[in-house]
Amino acid sequence: MKKLIFTLCIAISTIFSSCTDIVDVDVPNGGARLVIEASINWEKGTVGNEQTIKLSTSTAYFDNNPDVPATGATITVTKENDGSEFVFTDQNNGNYTTNSFVPEIGADYTLNIVYNGQTYTASETLVGFTQINSVSQEEGFNEGEFRVRVLFDDPADEENYYLGEFVQANLAVPSLSSIRDEFVNGNEAFVLHFDELNVPGTEVDIKVYGISERFYFYIEELIRQSGTQGGGGPFQTTPAQLKGNCININDPNEEVLGYFRLSQFGRTSYTIQ
């Protein structure tokens, strides 16, 4: 019996020693890539003329430095139904702004970026949103967890897709929730916000966007990879690069990161009870 126990101890010790071996992970580095953050967001009840597009170049996966602002680009957005062109002015910090944008639900827009001799483009439709009806709080699935339910009307006889964004001071990054109206078409729909940091008095800034089908599947994968809806683990695969809708017309094989989208959104706030 003593010999058996001794043998088991050696085996267990060997297993745990093996777990402490250093593993070098070779993450491919294809060099800096252009990152396009071109979200045209139109808040209901506002003119929507002031908009910002951000450009940067990515750093290596394990690099602690933030992405580098990309300056010196020329950016325009064209409204296809009437040819209106909106010029976004370089602010020399990666931000490009305009105060003359004209949003129109259902209109098609084309983004055009000239940067370092390359031309990048993308097209999308501005998707509308109805209105937020109510916000309520309820117990979550786990002990001490709460969830915030945001209800809004879904138009009938059409496919609709939505993105909920929840910002609160005690969370490092916004919480995202995306849904489609597959089972609630024409009825009241909702997005949910889960949080285990149940701190009464905390205010949550809430936005619900109307989004396109293509962007819905893009943001669904982004949420899954980020683990904000419960995914992940120490042995999961390295997140893959997400390809958006922006392409380099000079080199279609270039991997351009980011997305060009146009959304109307409703906004409200809620204080945790």
> From the backbone phi of segment 152-158, what are the Karplus-calculated ³J(HN,Hα) couplings (6.51 cos²θ - 1.76 cosθ + 1.60, θ = phi - 60°) in whole Hz, Gly and Pro given as x?
Replying inline: 8, 7, 10, x, 7, 6, 7
>> Over segment 35-167, with the other protein chains present, what is the accessible area per residue in square angstrom, probe 1.4 angstrom?
In response: 50
>> Whole-Hz ³J(HN,Hα) for each residue in segment 95-102, computed from phi via Karplus 6.51 cos²θ - 1.76 cosθ + 1.60 with θ = phi - 60°, x for glycine and proline: what do you get?
In response: 9, 10, 10, 9, 10, 10, 5, 10
> If Lys and Arg each add +1 and Asp and Glu each add -1, what is the summed charge of the other residues whose beta carbon sits under 14 Å from the beta carbon of Thr271?
Replying inline: -3
>> Whole percent per 10 Å bin, from 0 to the bin with the longest distance: what is P(r) over all C-alpha pairs of segment 46-182?
In response: 9, 26, 31, 24, 9, 1
> What is the Cα centroid distance between segment 92-127 and segment 162-223, reported in whole angstrom?
Replying inline: 24
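The values are calculated or read from the model by the stated rules, or taken from the named source; none is laboratory data. Treat the numbers as computed from the prediction; the structure is a model and nothing was measured. Backbone-built Cβ (ideal geometry, glycine too); neighbour counts: all protein chains shown. Note: areas computed on protein heavy atoms with side chains; ligands, DNA, RNA excluded. Shrake-Rupley method; radii C 1.70, N 1.55, O 1.52, S 1.80 Å.
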